[in-house]
1. Of the numbered conditions (1) at pLDDT 95 or above; (2) in a loop (DSSP other than H, G, I, E, B); (3) more than 8 Å from the ligand (Cβ to nearest atom); (4) closer than 29 Å to T23 by Cα, A221 fails exactly one; give the number of that condition.
2. Test of understanding: among T30, T75, which residue is within 11 Å of the ligand (Cβ to nearest atom), modelled with pLDDT of 95 or more and under 14 Å from L96 (Cα atoms)?
3. Against the definition (more than 11 Å from L108 (Cβ to Cβ) and not β-branched (V, I, T)), how does Q169 come out, yes or no?
4. Tell me, which residue of region 293-303 that is of a type outside the set (V, I, T) and touching a residue at least 12 places away in the same chain (Cβ under 8 Å) is nearest to L192 (Cα to Cα)?
5. Looking at region 148-186, which of its residues are touching a residue at least 40 places away in the same chain (Cβ under 8 Å), part of a helix (DSSP H, G or I) and away from the ligand (no atom under 16 Å from the Cβ)?
6. In the set G210, G306, which member is outside any helix (DSSP H, G or I), within 15 Å of the ligand (Cβ to nearest atom) and either in contact with a Phe, Trp or Tyr (Cβ under 6 Å, 6 or more places away or on another chain) or touching a residue at least 40 places away in the same chain (Cβ under 8 Å) (or both)?
7. In this structure, is L227 assigned to a loop (DSSP other than H, G, I, E, B), modelled with pLDDT of 95 or more, within 10 Å of the ligand (Cβ to nearest atom) and of a type outside the set (K, R)?
8. Please return the ranges of strands (runs of 3 or more DSSP E) entirely within region 1-115 where 1 or more residues are in contact with a helix residue (DSSP H, G or I) (Cβ under 9 Å, 6 or more places away or on another chain) and within 28 Å of G200 (Cα to Cα).
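The values are calculated or read from the model by the stated rules, or taken from the named source; none is laboratory data. On a predicted model such as this, the values are computed, not experimentally measured, just so you know. Every residue, glycine among them, receives a Cβ derived from its backbone with ideal geometry; neighbour counts consider all protein chains shown.
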Amino acid sequence: MKYHTFSNGDQMPLLGLGTWKSTDQIAYDTVKEALRIGYKHFDCAARYENEKPIGKALKDRIANGSINRKDLWITSKLWNNAHQPERVEPALKQTLNDLRLDYLDLYLIHWPVAFKPEVNFPSTGSDLVSLDDVSIQDTWQALEVCVRQGLCKHLGVSNFSIKKMKGIQAHCSITPEVNQIEAHPLLQQQDLLDFCQQEGILVTAYSPLGSSDRPVRLIKAQDPVLLEQSEVIEIAHNLNLTPAQLLLAWAVNRKTAVIPKSSNPGRLKENLAAADIELSSETMDSIKRLDRHFRYVDGSIWTLPGSPYTIQNLWDE
Ligand SMILES: NC(=O)c1ccc[n+]([C@@H]2O[C@H](COP(=O)([O-])OP(=O)(O)OC[C@H]3O[C@@H](n4cnc5c(N)ncnc54)[C@H](OP(=O)(O)O)[C@@H]3O)[C@@H](O)[C@H]2O)c1
């Protein structure tokens, strides 16, 4: 396994397990199995509504002595209805309680999008609040207090543009160390990756396999199926890899972390093995040509009529 080393020496395994859409008993069984076969990095979020079964799986493995807490890397995310500064620490404490942990390794702002506190998921534009009213800088300051209290070790963001990252950097005392973004051959985000790498910010690639089990509200008629792209299949076949392994190895070879989701024991193993595969520069170049700036998670769910968010002001593109 390759690792990213943070400036304080902490190390994050570059391949972790995504947990979105794993529910209840499946989330419990999957995390237990993943721990058994050697996964050490888990990507969680309050919004995934499965932190309780994940926490039970972590606790059971830690209690039976098969893993030490200090050898794990646990990430979670602040949901959009808890950006208000006074809601940040309670949200993190709820996550810690659900995950049965004393601290998180990494806590991310899930989206640069705020909701009214009572809204779990918006059904009208008026459920969303502008970042002019609940500023990212104020949310960030509340997160910095959580680091000082020892509730989390590192802070980061998710779905943030270069412009929005610079907005935090200009005002923070604890710098963002990770930006978790959608990234795969059809959405390479090279400019954002270059910016983050220059600034010493780790990029974590989400939906690296094309998120084929994403909710129907995120599926559009002509969406490409990443794992079925003929170039991906052909390159993988020539290297004696599965298409999923090629995609994951590509992510690690471009020095991003990557968090594929699976709840299938065979695919969990297949995906973990991909972290150690070296790809040649020729292979990396052929994959570079597949970029078409296509998002599976395009943020249009936050652009309901009357919402302060638009596709343009969300991605700054
Ligand atoms: N920050 C954010 O806003 C954000 C957004 C999206 C995702 N994420 C994070 O990123 C993680 C990964 O993204 P994702 O869940 O959207 O999708 P993904 O990892 O790209 O794809 C998951 C899908 O691929 C299948 N799969 C897994 N391994 C496979 C393999 N070896 N061969 C073929 N199919 C395979 C899974 O099925 P099985 O389970 O049946 O194997 C599932 O249907 C999430 O779980 C979450 O932790 C974060």
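1. (1)
2. Working: T30 fails: under 14 Å from L96 (Cα atoms).
Going through T30, T75 in turn, the sole match is T75.
3. On the way: more than 11 Å from L108 (Cβ to Cβ): yes; not β-branched (V, I, T): yes.
The answer is yes for Q169.
4. Ranking the candidates gives H293 first.
5. I162, K163
6. On the way: G306 fails: within 15 Å of the ligand (Cβ to nearest atom).
From the options G210, G306, the qualifying one is G210.
7. Working: assigned to a loop (DSSP other than H, G, I, E, B): no; modelled with pLDDT of 95 or more: yes; within 10 Å of the ligand (Cβ to nearest atom): yes; of a type outside the set (K, R): yes.
The answer is no for L227.
8. Numbers: elements: 3-5, 11-13, 41-43, 73-78, 104-109.
By residue number, 11-13, 41-43, 73-78, 104-109.
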